[in-house]
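Remarks on the structure that follows.
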Amino acid sequence: MPKRITYLDKRDRLSREDFRLHWSTTHAEIARDLPGVTAYRQNHVVPLPVLPASDDAYPVDGIVELWFDDEDVVQAAFDSDIADRLAADELRFLSGLTGGAVSPAQPYEVWPHKLWLLARWSGGTDSGPEAVDGWAERLAETCAGALGVSVNYLRADAELLTRKALRSDPHLPQIAVALGFASATTAAAAAARIAEGLDPLPGVLDRVHGYLAEEVVII
């Protein structure tokens, strides 16, 4: 099932509360009518330090997850009038947006809270996915209360989603690992545990940063 992930950067002077409200109401109501969409999840990043804290962290205030019926409807959805309405509305609450197609996967169970680990490849990717998959599974096993894990790989053959009127990130995360939790407390505890001994798979991953988020299911 085709999937797209898009990273959002809120308008600079917009409060986090107003960003969240507009995205989960006005913008979400437009997105509900996007043709061919099977599932739409919003991930509202909470204002806690990234893991590890550094100046090269990805500018992420929100993470969009979209699943489509099949590949044939994806381009039709982005060429639709609804997509035009979404792009016009983005100017009201965003300063940056970059997205892309990721490895196909079925929608996973609803996870109210998540810990996202975003990274880029540091070298070749021939054996990278197998190593990352194993790393992600180990993290899920060692984090108390983890409900599951989802590993998303940015497809190199797909065109990135950007907007001329908004900033885009030329160093978009190529790997996005989501760990699911039932509460903010268990998600924060997992983040603290990982921060103490985060092993970024030297030679495989680079620029590994963590973000806590609250999930809002739109479709």
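The values are calculated or read from the model by the stated rules, or taken from the named source; none is laboratory data. Not measured: the values here are computed from a predicted model. Note that each Cβ is placed from the backbone with ideal geometry, even for glycine, and that neighbours are counted across all protein chains shown. These accessible areas exclude ligands, DNA and RNA; they are computed on the full protein's heavy atoms, side chains included. Shrake-Rupley method; radii C 1.70, N 1.55, O 1.52, S 1.80 Å.
Quickly estimate the mean residue ellipticity at 222 nm for the chain, helices only: each DSSP H run with n ≥ 4 gives -39500 (n - 2.57), and the total goes over all residues, rounded to 500. Before the final figure, lay out the partial values.
Details: 6 runs with 57 residues, N = 219.
Helix contribution divided over all residues of the chain: -7500 deg cm²/dmol.
Counting heavy atoms of the protein chains only and a 1.4 Å probe, report the per residue accessible area for the chain as a whole number of Å².
Details: 10370 Å² over 219 residues.
In whole numbers, the chain has 47 Å² accessible per residue.
Where does helix 184-196 land angle-wise versus the long Cα axis of the chain, in degrees 0 to 90, nearest 10?
That helix lies at roughly 50 degrees to the long axis.
For Tyr211, Tyr153, give the ranking by accessible area with the largest first, probe 1.4 Å.
Working: Tyr211 15, Tyr153 35 Å².
So, going from the largest accessible area down, we get Tyr153, Tyr211.
Are there any GluC sites (Glu not before Pro) in the range 75-136 that are in a DSSP loop and have at most 16 other Cβ atoms within 10 Å? List them by number. Let's see the in-between values first.
On the way: sites: Glu90, Glu109, Glu130; in loops: Glu109.
Those satisfying the criteria are Glu109.
Quick one: what Rg and Dmax do you get for the range 1-47 from the alpha carbons, in Å?
12.1, 37
Could you pull out every residue, at least 5 positions away or on a different chain, whose amide H is within less than 5 Å of the one on Gln174? Hs are placed 1.01 Å off N in the peptide plane, and Pro or chain starts have none.
Ala119, Arg120, Trp121
In square nanometres and to one decimal, what's the mean projected area of the convex hull around the Cα atoms of the range 96-182?
Working: hull surface 26.6 nm².
Taking the Cα atoms of the range 96-182, their convex hull projects to 6.6 nm² on average.
Restricting things to Cα coordinates, could you compute the convex hull volume per residue of the range 18-100 in Å³?
Working: hull volume 9.1 nm³, N = 83.
Dividing the Cα hull volume of the range 18-100 by its residue count gives 109 Å³.
Hand me the trypsin sites (Lys or Arg not before Pro) from the range 152-194 located in a DSSP loop with no more than 12 other Cβ atoms within 10 Å, in residue order please. List each step's numbers first, then the result.
On the way: sites: Arg155, Arg163, Lys164, Arg167, Arg193; in loops: Arg155, Arg163, Lys164.
Here the sparse-neighbourhood loop sites are Lys164.
Run the accessible area of the chain with a 1.4 Å probe and give the carbon-and-sulfur part as a rounded percent.
Values: 5260 of 10370 Å².
That share works out to 51 percent.
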